[in-house]
Each structure stands twice: as C-alpha cells, then as structure tokens.
Amino acid sequence: MIEKHWAGIAAYNRLANKALLDFIEGFNNEIRLIQKRAYGLSDEAYLRLKILTCMLKEI
C-alpha cells in the first residue's frame, strides 16, 4: 500500500509544502480565534473585515 501511495507521501514531506501548510494552519487558527471573539455579533461584514485585516498582517 505504501508503494502505491509513495508519490503522495513524498510530495507531502517536501520542505516547501510544510512551510505552506504551517502558514495555512496558523491562518485557520487565527480565523477561529476571530470567530470566537465575534460570537454574538450579527454583522457579517465586520467579521469579513477582521479576517481581511488579519490576512494583511500575516503577509
């Protein structure tokens, strides 16, 4: 089974992919934190704005 999926396993373990995955996971955690803080607010536009400002801060 490992031989059948070896190309995917090798691609997942490349250093460039790990850096990208770390960035994405950190960004997802940041969005979850913003959502927790915004609990009870009914303004979706404000939530989107907070997420976009979070993206600008990371880049």
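The values are calculated or read from the model by the stated rules, or taken from the named source; none is laboratory data. Source: prediction; values computed, not measured. Quick reminder, even Gly has a Cβ in these numbers, built from the backbone with ideal geometry, and neighbours come from all protein chains shown. Heavy atoms of the whole protein, side chains included, go into the accessibility calculation; ligands, DNA and RNA do not. Shrake-Rupley method; radii C 1.70, N 1.55, O 1.52, S 1.80 Å.
Rounded to two decimal places and with Rh computed the Kirkwood way over Cα pairs, what is Rg over Rh for the chain? If you can, show how the numbers build up before the last one.
Details: Rg = 16.9 Å, Rh = 13.8 Å.
That ratio is 1.23, to two decimals.
Residue separation of Ala45 and Phe27 scaled by 0.36 nm, minus their Cα-Cα distance, works out to 4.6 nm of gained length. Taking all protein chains in place and a 1.4 Å probe, what share, in percent, of the accessible surface of the chain do carbon and sulfur account for? The nonpolar share, carbon plus sulfur, comes to 61 percent.
Which value, in Å², gives the accessible area per residue of the chain when a 1.4 Å probe is used on the protein heavy atoms?
Values: 5500 Å² over 59 residues.
So the chain comes to 93 Å² accessible per residue, rounded to a whole number.
I need the calculated FRET efficiency for the pair Ala38 and Arg14, taking r as the beta carbon distance and R₀ as 25 Å, to the nearest 0.05. That gives a FRET efficiency of 0.10. For the range 25-35, backbone phi angles converted through the Karplus equation (6.51, -1.76, 1.60; θ = phi - 60°) give residue-by-residue couplings of 5, x, 5, 4, 5, 5, 5, 4, 5, 5, 5 Hz, Gly and Pro being listed as x.
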